Amino acid sequence: MEILQKIKLLKKIKPEKEWVFLTKRRILGKSNLSPLFEFQSLIFNLFFRKSGILVFSLFVFSLFFSAIVLNSQDSSVSKRENQVIFQESKTETLKKEEIKSDKEIAKSEVRLEGNTSKPASNVVKSKKSKNISQKENNSTKTENFETNNFASKEQQEDIENQTQLVAKYLIEYFETRSLTEEKKEDLKAAKEYFEKGDFGKVIELLLK
Amino acid sequence: MENKEKEFSKIYDQYIEKIYRFVFLKVDSKETAQDLTAESFLRFWQALNKGNLKIENAPSFLYKIARNLVVDYYRKKGKNEVVSIEKIGSVEDARQNLEKLVTLNSEMEIIKKAILELNEDYQNVIIWYYLDDLSIEEVSKLCGRSIPATRVLISRAVKSLRETLKKCNKIPVFAS
């Protein structure tokens, strides 16, 4: 019967999921939901319901700002690295000079004491120990470089993850809105960029 | 206390959509439906805490609260703000009702408005039986009628709805 089918159309009436969860929490007067969900609902309410796109664009702006700050921190780190390298090179030259003076002392001792081989062996020992210490220094230097590189990689990954998150939110947001033909095209292109991993382009396309 | 919360949670998850729909079909906005539905469940939770309620009676209790809240809402507001089918029928100039035309221009809106035109008993049995998929026994308990009387009530409600919809289709405003 046609009328029954028409009535069944009303089954599509459903409350919003966010509202359902928040109402339940409000009634129970406490948070028995997972912190992750709470964070998600907070983000959702903050960005999509309360003030809409304006707040969202502010969020994007703050994200870019933090990215710039991180970049500047990176450059300061590299300056510090340069300073460390300079200091290390200084100490190396000092050590070389010390070795030279040691050699000279040893030679003079050899001359003075004639055939005794002990001082010479001492010099050899001291040389060996110097070499070992130099090697150790080199290895600590390379370790420092590696850790610094690793940190900057982590930061880059962080930025990339945040950009991906923003791009994802933007796509989801625009998917729920009725869009003009032009904006639909943009959304389609943005999805393609998203799949390619060009998240910056996605944000640029959707916020233009 | 935790047990009560679990019970409440279970009933809430089971009936939130139904109660919301029940209220939404009787009021004119999503916000009002949300407020009244939330209030229904809040009162249900309070009754459950006081120990005034057996959990088996939860559905009928919830529907009863929701019905009373809707009645109170209209008492406070005055039902004249709801768009009446009769009123729309008497309107000759469709241009004056452009806003109404936009809101009514979907089948769902039309059927909602048609249901709103029915008397409360007819509205309730249609919602309970056809939308909430309650059994005849459950509907009869909610109505406080016998099972045969409930069957008759349902068939009359459908007949009345059909007539109301026919009226709607005759009105030029609805012709898309």
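The values are calculated or read from the model by the stated rules, or taken from the named source; none is laboratory data. Note that the structure is predicted; figures quoted are calculated from it, not measured. Note that we place each Cβ from the backbone using ideal geometry, even for glycine, and neighbour counts take in every protein chain shown.
Only residues that are more than 10 Å from every other protein chain (Cβ to nearest Cβ), touching a helix residue (DSSP H, G or I) at 6+ places or on another chain (Cβ under 8 Å) and surrounded by fewer than 18 Cβ atoms within 10 Å (Cβ to Cβ): list them for the stretch B:5-15, please.
B:Glu7 - this is the single residue of the stretch B:5-15 that is more than 10 Å from every other protein chain (Cβ to nearest Cβ), touching a helix residue (DSSP H, G or I) at 6+ places or on another chain (Cβ under 8 Å) and surrounded by fewer than 18 Cβ atoms within 10 Å (Cβ to Cβ).
Can you give me the ranges of the helices (runs of 4 or more DSSP H) entirely in the stretch B:1-108 with at least 1 residues that are modelled with pLDDT under 65?
Values: elements: B:2-24, B:30-50, B:58-77, B:85-90, B:98-104.
Where helices (runs of 4 or more DSSP H) fall fully within the stretch B:1-108 and carry at least 1 residues being modelled with pLDDT under 65, they are B:85-90, B:98-104.
Out of all the residues in the stretch B:16-38, which are within 11 Å of chain A (Cβ to nearest Cβ) and of a type in the set (Ser, Thr, Tyr)? Step through it out loud before you land on a result.
Taking the stretch B:16-38 and keeping what is within 11 Å of chain A (Cβ to nearest Cβ), we get B:16-25, B:30-31, B:33-35, B:37-38.
Scanning the stretch B:16-38 gives B:Tyr20, B:Thr37.
Read through the list (1) surrounded by 14 or more Cβ atoms within 10 Å (Cβ to Cβ); (2) modelled with pLDDT under 80, then give the number of the only condition that A:Gln162 fails.
All conditions are met except number (2).
Scanning for something modelled with pLDDT of 70 or more, within 14 Å of chain B (Cβ to nearest Cβ) and surrounded by 15 or more Cβ atoms within 10 Å (Cβ to Cβ), does the stretch A:55-74 turn up at least one residue?
No, the conditions are met nowhere in the stretch A:55-74.
Can you list residue pairs whose Cβ atoms sit under 9 Å apart, with the first residue in the stretch B:32-44 being within 13 Å of B:Tyr73 (Cα to Cα) and crowded, with 22+ Cβ neighbours inside 10 Å and the second being of a type in the set (Asp, Glu) and at pLDDT below 95? Count only pairs 6 or more apart in sequence or on different chains.
B:Leu36/B:Asp72
If B:Ser60 satisfies all but one of (1) in contact (Cβ under 8 Å) with a residue 12 or more places away in the chain; (2) surrounded by 15 or more Cβ atoms within 10 Å (Cβ to Cβ); (3) among the small types (Gly, Ala, Ser), what's the number of the condition it fails?
Going through the list (1) in contact (Cβ under 8 Å) with a residue 12 or more places away in the chain; (2) surrounded by 15 or more Cβ atoms within 10 Å (Cβ to Cβ); (3) among the small types (Gly, Ala, Ser), B:Ser60 breaks only (2).
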